[in-house]
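The values are calculated or read from the model by the stated rules, or taken from the named source; none is laboratory data. Given the structure is predicted, the values throughout are model-derived calculations rather than measurements. Cβ placement follows ideal geometry from the backbone for every residue including glycine, while neighbour counts extend to all protein chains displayed.
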Amino acid sequence: MTTDRPKTPLLDKIHSPKDMKGLGDRDLERLTQELRSETISAVSVTGGHLGAGLGVVELTVALHAVFDTPRDRLIWDVSHQCYPHKILTGRRDRIRTLRMKDGLSGFTKRSESPYDPFGAAHSSTSISAALGFAVARDLGGKTDEGIGDCIAVIGDGAISAGMAYEAMNNAGHLGKRLIVILNDNEMSIAPPVGAMSSYLSRLYAGAPFQELKAAAKGAVSLLPQPFQDGAKRAKEMLKGMTVGGTLFEELGFSYLGPIDGHDLEQLLSVLRTVKARADGPILIHAITQKGKGYAPAEAARDKGHGVSKFDVVTGEQKKSPSNAPSYTKVFAESLLQEAADDPRITAVTAAMPDGTGLKLFHDRYPSRCFDVGIAEQHAVTFAAGQAAGGLKPFCAIYSTFLQRGYDQIVHDVALQRLPVRFAIDRAGLVGADGATHAGAFDIGFLSNLPGMVVMAAADEAELKHMVATAVAHEYGPIAFRFPRGEGVGCEMPERGEVLPIGKGRIIADGAGVALLSFGTRLSEVQKAAEALATRGIKPTIADARFAKPLDTEMILDLAARHDALITIEEGAVGGFGSHVAHFLAEEGVFDTGLKYRSMVLPDIFIDQANPADMYAVAAMNAEHIEAKVLEVSGVEVLTKRA
């Protein structure tokens, strides 16, 4: 793998944005070239989000050159495009630790740098946060350096979410000086969908209609190819709006654009003009290309959104060989198998057709698959409407993103007992994306809802059974969770079997201590049991399968036959173990002297590392399970914690 670092004599002199202030425009142009090369080189070593950062290199340089960060608050929406920003803001010496244990976060993070005024990783929050900073500025909020301009950079995918419009509507009403930059690359993680995307397409061309725009060189006639070709898509004002208005102006923003987001001269001119003249909320519409300047990323279908380590020369990614299918692939293929026999099965995702595996479903059944864009709230209620209409919708959303639709799960699904099937990917700790993407809370926030069925797959074969179980379940909502990454390599059934609701299974009978696992920690439980066997301890191992409803019969049996019961789950306190404890307390089982322990994720947010290291921090690997058994058995042992 090629790891030689590029020559960057100008970038080598930049230790903070203050070092850019004395550079002329030609030097800034050179800086963009070196910054792009350094970004490519760094991500080739670490892996991560490549295309998004390459698409905003010129914009990043221009923003830091024109504005006075960190006093001027620069907020990156989602922030997977922030690697060039980190390089320019004093973190270049650590840039090759991106997404690694004890390294730089792959997203903006307040505790990491004063140049990251607001943390992000979920989409569509930047305008709300920037407006909050603007209000704090105008009301004399206390900060060390004071607050200057407030700038939000948001992509065309993220601006399709409702929260962005709620913020813009409020900003237009308040009239505060606020700068929003729409980074329009016609592509978020997947190609953007919906009316907003179509509207932006109609904005790609037309004559300037503001003096400010003309002064800032934002006229379409100044755009190079292929942007002038885009002019043919006709910048027409939406019907019914006032002459000279746009959707953004109707929301109270001055609109400037579209401009070429890779033309540094044009960007500098626009930003300097805005800095000097803006007196209220303004939206700058910049057209960019994701993966810009690196041919392998430009050619990739996802424009190099998420990449593993790669060879800079060839762009070839280095991936570990797979020993088993990924859980995501097992879910997708199982759903396809079920959908072939049941035309009522549909699939819904929120801008993650690849990540959830539903692209396979869309390719086979396009009329039954719906990507609603970055709109988890809508996705849940949309699925609820389908269920009320007699369909069998599978709503496939990452655990961390399902949090965004919680009110809809409660009000629109659970309260009405509608049979929406929730396929919850990325359950538990996810590795390099860190705390922002950890699936830590869904067991708790779903299991407390009346009528909800909550399952967790112990392995890929169990996941196949749970897809079949969800298809057959017609009496209310049902959810099944599974982690990121490969399965354990177990033998796969030809077809999933419908599991009896609320029934677990005994994996191995033993004595003294019972280990009741919920989810894929079962493999770690089995490793712990092997180690315990060398000490003459043989625990009973059970797979709960269901957090709700609990298999109360099995739990009472385990409690009656053992001195101690330990539950293990890949979720936070308040989930499966809490429900088991509540049940046992109500049954009076603790009065008999049963020792009970619950192994859950600790009450902290765990930073990025590989999953094994993250579970070590959580004290939930095999060695920790072994130590817990020895503890309740009265055997003293020194435990290792990360």
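General observations
- Residue check, Phe133 assigned to a helix (DSSP H, G or I), assigned by TED's automatic domain parsing to the domain that holds Lys290 and touching a residue at least 60 places away in the same chain (Cβ under 8 Å): yes
- Scanning segment 371-395 for residues that are assigned to a helix (DSSP H, G or I) and either crowded, with 24+ Cβ neighbours inside 10 Å or hydrophobic (A, V, I, L, M, F, W, C) (or both) yields Glu376, Ala379, Val380, Phe382, Ala383, Ala384, Ala387, Ala388.
- Filter result (assigned to a helix (DSSP H, G or I) and within 29 Å of the chain's Cα centre (by Cα)) within segment 542-568: none
- Condition met for Leu446 (outside any strand (DSSP E or B), at pLDDT 95 or above, buried (at least 24 other Cβ atoms within 10 Å of the Cβ) and in contact with a Ser or Thr (Cβ under 8 Å, 6 or more places away or on another chain)): no
- Among the residues of segment 580-623, just one is surrounded by 19 or more Cβ atoms within 10 Å (Cβ to Cβ) and among the aromatic types (Phe, Trp, Tyr), namely Tyr615.
- For segment 15-74, filtered to residues that are without any contact (Cβ under 8 Å) to a residue 12 or more places away in the chain and outside any helix (DSSP H, G or I), the residue that is farthest from Asp149 (Cα to Cα) is Gly24.
- Looking across segment 317-331, the residues that are modelled with pLDDT under 85 and under 21 Å from Gly48 (Cα atoms) come down to Gln317, Lys318, Lys319, Ser320, Pro321, Ser322.
So that you can scan it fast, the table gives a plain yes or no per residue for (1) among the acidic types (Asp, Glu); (2) closer than 18 Å to Ala456 by Cα:
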| residue | (1), (2) |
| --- | --- |
| Glu570 | yes, yes |
| Val573 | no, yes |
| Val580 | no, yes |
| Ala585 | no, no |
| Val635 | no, no |
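- Residue in segment 93-112 that is without any contact (Cβ under 8 Å) to a residue 24 or more places away in the chain and part of a helix (DSSP H, G or I) present: yes
- Residue identified as out of contact with any Asp or Glu (no Cβ under 6 Å at 6 or more places or on another chain), in the same structural domain as Pro343 (by TED's automatic domain parsing), without any contact (Cβ under 8 Å) to a residue 24 or more places away in the chain and of a type outside the set (Asp, Glu) among Gly389, Gly451, Gly431, Gly373: Gly389
- Filter result for the condition that a residue is assigned to a helix (DSSP H, G or I), among the hydrophobic types (A, V, I, L, M, F, W, C) and either under 20 Å from Phe441 (Cβ atoms) or touching an Asp or Glu at 6+ places or on another chain (Cβ under 8 Å) (or both), over Leu418, Leu402: Leu402
- Some residue of segment 405-413 being in a helix (DSSP H, G or I), surrounded by fewer than 20 Cβ atoms within 10 Å (Cβ to Cβ) and among the hydroxyl-bearing types (Ser, Thr, Tyr): yes
- Applying the criterion of at least 2 residues that are touching a residue at least 40 places away in the same chain (Cβ under 8 Å) and surrounded by 18 or more Cβ atoms within 10 Å (Cβ to Cβ) to the helices (runs of 4 or more DSSP H) found wholly in segment 280-366 leaves 327-341.
Every residue, every condition in (1) without any contact (Cβ under 8 Å) to a residue 12 or more places away in the chain; (2) over 23 Å from Ser399 (Cβ atoms), yes or no:
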position	(1), (2)
Glu530	yes, yes
Pro539	no, yes
Asp543	no, no
Phe576	no, no
Phe583	no, yes
Arg597	no, yes
Phe605	no, no
